[in-house]
Every structure is written in structure tokens, then in C-alpha cells.
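First up is the structure itself, then whatever we jot down about it.
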Amino acid sequence: MKTIIVTGASSGIGQATAELFLAEGWTVGLLARSADKLAAIAEGQAHAVPLVADVTDSKAVDHAFQAFEGQTGRLDVLFNNAGIFAPGGTIDEIALEDWYHSVNVNLNGMFLCARAAFRTMRNQSPQGGRIINNGSIAAHVPRPNSVHYSATKHAITGLTRSLSLDGRRFGIACGQIDIGNARTQMVQGLVDAAIASGETPDPTMDVQDAARSVLHMANLPPEANVQFMTVMATTMPYIGRG
């Protein structure tokens, strides 16, 4: 049975992806801060492994990955997904604490989880595995008033490329999925803000389409890798944006 850890598994894209992988027969490590939410997702799922941890806490992350490996024997895939979208604005309007929080979760947290996964995959037998980073459309083109989010997501592209390069000799593949406007609580907040300001909100797509895209990447044989995938609402302003 194949194994995966999904970070940010208690809501949004992470939850949708974790539930799809469980339905497909994978053993799924559900990593997030909320024990209650993880317990609800895992209820009745024999192959769900709740892993309560804050991705910004290196010791908690390492403990969660070690616990999962101890229970399952190996880690085949990490979906490195946990992230936040702090209150927006121009750079002079963004509170410093929101900048630091964005960097800590969106960049440091993804680094710590990728680090733990890489270590596990390098040392397990047979060696290797796959890391899938959630980059976002913002890894390529920014939304207005989102310098904190955009900067961290651009950094994830560098993380993905570096992991792809450094992982080759250990059989560790790394790819990035850039998702545009999947209907989650975070995206709904952007939609509501646009409506409140009298603007027309961007089109959205079913979050299940994002989850199925992650599943496709994860199901590839070791000799194949999706380096970058963009999946988005068909008519959202991405091509031509900026």
C-alpha cells in the first residue's frame, strides 16, 4: 500500500486531497495543527494517520514524520501543501507581523516538511520517493496587494527546482502544482472581499479538480515526474495577468 503525508490536511485543498487519496486506497498521514479536525477526517478510515503538528515547529515536524514512518514503514509521497494568505495591501500597508507569519508558514514550514521528507526518503529502503509542492498561480504572477504571499510562493519554485536537482541521486523526484482559484475557504474569502468592494470576483473551480491533479502526479512511476503543473479555473485572469 502506497503512503503519503499531506500537510494542511484539516481544510481546503489539503483536506480534499487527503480524502481522495484515502478513497483510492493509500495510507495517508494527515498533518495539521487541529487535532479535532484531523480526528473527524480520520473517523472510520483505517488507513488515516492523524499527525498533529505545526509546520513552523521543526521538532514537531520531525516527530510527525518519524511517527508516520514508524507506523507505516516508509514514505512514498509528501504533498507539501500547508499555507496561509494573510491580510493584503500594498507593501507599506502590510503589517510586519503578517509578513513574518507568511514567510514562517509558507516558506519555512514547507522547507521543514520537505527537509523531513527528503531525509526519510533518502534513508529508507528501497530509497526514494516524491515531493509535490503546492506553489500556486502566485508562484508565477502576483495577485494585486499580495506581496507577502507572492514572494513566498515564488520562493517555492526555487525550492522545487533545488529539490529536483539534489534528489536525483537518491531517487527523490520533486514537482510543483500551481493551483488557481480552487473553491476553498481561503479563496471564498477573496471572492467575498471582491464582492464587498464592488468588483467582479474571479472565476473558481471545484477543489476536487485540484485534488485529482495531485493524485495524477503521485501515481506516476519513479521514472516519470511532472515538474510543473498548472490547474486553474478556465477563465480566470492568469494568461495576460500582470
- Query: Among (1) under 18 Å from the mean Cα position of the chain (by Cα); (2) crowded, with 17+ Cβ neighbours inside 10 Å; (3) over 30 Å from Pro126 (Cα atoms), where does Leu163 come up short?
  - Reply: (3)
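Residues in the range 167-191 that are in a helix (DSSP H, G or I), in contact (Cβ under 8 Å) with a residue 24 or more places away in the chain and either surrounded by fewer than 17 Cβ atoms within 10 Å (Cβ to Cβ) or not small (Gly, Ala, Ser) (or both): how many? Walk me through how you get there before you give the answer.
Of all residues in the range 167-191, those in a helix (DSSP H, G or I) come to 167-170, 185-191.
Going one step further and asking which of them are in contact (Cβ under 8 Å) with a residue 24 or more places away in the chain, we end up with 167, 170, 185-186, 189-190.
Cutting the leftovers down to either surrounded by fewer than 17 Cβ atoms within 10 Å (Cβ to Cβ) or not small (Gly, Ala, Ser) (or both) gives us 170, 185-186, 189-190.
The total comes to 5.
Among the residues of the range 10-21, is any outside any helix (DSSP H, G or I), at pLDDT 95 or above and of a type outside the set (Asp, Glu)?
Quick first cut of the range 10-21, residues outside any helix (DSSP H, G or I) only: 10-11.
Right, trim to at pLDDT 95 or above and you get 10-11.
Now narrow it down to the ones that are of a type outside the set (Asp, Glu): 10-11.
Checking the range 10-21: at least one residue is outside any helix (DSSP H, G or I), at pLDDT 95 or above and of a type outside the set (Asp, Glu).
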- Query: If you go through the range 4-27 one residue at a time, do you hit one that is buried (at least 21 other Cβ atoms within 10 Å of the Cβ) and touching an Asp or Glu at 6+ places or on another chain (Cβ under 7 Å)?
  - Reply: yes
- Query: Here are some conditions: (1) within 20 Å of Ile94 (Cα to Cα); (2) touching a Leu at 6+ places or on another chain (Cβ under 8 Å). Pro144 meets all but one. Which one does it not meet?
  - Reply: (2)
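The values are calculated or read from the model by the stated rules, or taken from the named source; none is laboratory data. Computed from a prediction, not measured in an experiment: that's the story for all the values here. Methodologically, a virtual Cβ is constructed for each residue, glycine included, from the backbone with ideal geometry; neighbour enumeration extends over all protein chains shown.
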